[in-house]
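Undergrad: This is the structure, below, for whatever I ask next.
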Amino acid sequence: MHIVSLAGLAVATLALVACNSGREAQPDQATSNSENAQQASSDAEQPAGVNDGIPDLTPATLTPEAQKGEKGARNVLLSFTRAIELKEFDQAWDLMVPKLRENLSREQFTQTFAGLGDLTVSAPAGTMEGAAGTSYYEVPITIRGATGQTLTGEIVLSRVNDVPGATEEQLQWRVRRFSVSSS
């Protein structure tokens with residue numbers, strides 16, 4: 001008797017799924033056409049899975065004290081390196097200080113990794129330093145591509161200490177320098 005009940009439940013569930021599978025909300029036609037054109041343009045420029053924003057790699061929220069020290073720097077560093085590994089280059093680029101973004105466009109940053117295939121990033125423990133109201137965290141980095149090519153260099157993160165007048169952006173750890181070359 002229980003077997004018949006479970007079978008009936010399974011059939012009913014499948015029927016409901018089948019009924020709803022063809023139904024999707026129809027977006028506003030004008031918006032849909034514009035978004036489709038933008039998506040088609042974007043798809044033509046980048047392979048699937050590159051800069052699609054998935055997953056969201058925003059650094060985890062830490063306690064205020066943890067955020068200020070090495071743990072806060074490593075938190076941003078891990079988000080940055082994971083974004084590179086997952087080819088979420090826009091998310092990594094957004095973790096840079098404005099001055100670095102001015103000198104290194106999104107396109108230039110993305111092209112750094114062109115032709116490497118799948119990426120593996122290694123960024124071991126770094127060194128903390130402080131000078132004139134700013135903290136720095138310097139880390140060696142190795143990026144290995146599936147093609148066998150390796151990039152090595154360093155990443156320097158910085159944040160302004162609790163200096164009066166510092167902006168919220170300045171109080172956050174950000175990538176200040178990203179320098180890699182073929183090895």
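Undergrad: Could you name every one of the helices (runs of 4 or more DSSP H) located completely within the range 52-99 that has at least 2 residues being in contact with a Gly (Cβ under 8 Å, 6 or more places away or on another chain)?
TA: Values: elements: 64-68, 70-85, 89-93.
By residue number, 70-85, 89-93.
Undergrad: To continue, here is another question. Condition test on residue 109, is it over 14 Å from residue 70 (Cα atoms), at pLDDT 95 or above and not in a strand (DSSP E or B)? Steps first, please.
TA: Values: over 14 Å from residue 70 (Cα atoms): yes; at pLDDT 95 or above: yes; not in a strand (DSSP E or B): yes.
Yes.
Undergrad: Kindly check whether there is at least one residue in the range 59-66 that is modelled with pLDDT under 95 and more than 30 Å from residue 162 (Cα to Cα).
TA: no
Undergrad: Shifting gears a bit: Identify all residues within the range 59-68 that are in contact with a Ser or Thr (Cβ under 8 Å, 6 or more places away or on another chain) and open to solvent by less than 50 Å² (accessible area, probe 1.4 Å); write none if there are none.
TA: 59
Undergrad: List pairs: first in the range 139-153 and within 20 Å of residue 175 (Cβ to Cβ) and open to solvent by 60 Å² or more (accessible area, probe 1.4 Å), second among the hydroxyl-bearing types (Ser, Thr, Tyr) and part of a strand (DSSP E or B), Cβ under 7 Å, 6+ apart or cross-chain?
TA: 144/120; 144/150
Undergrad: What single numbered condition from (1) part of a loop (DSSP other than H, G, I, E, B); (2) open to solvent by 60 Å² or more (accessible area, probe 1.4 Å) fails to hold for residue 129?
TA: With (1) part of a loop (DSSP other than H, G, I, E, B); (2) open to solvent by 60 Å² or more (accessible area, probe 1.4 Å) applied to residue 129, the lone miss is (1).
The values are calculated or read from the model by the stated rules, or taken from the named source; none is laboratory data. Please read all numbers here as calculations on a predicted model, not as lab measurements. When we count neighbours, we look across all protein chains shown, and the Cβ atoms used for this are built from the backbone with ideal geometry, even at glycine. Surface accessibility is based on the protein's heavy atoms, side chains included, excluding ligands, DNA and RNA. Shrake-Rupley method; radii C 1.70, N 1.55, O 1.52, S 1.80 Å.
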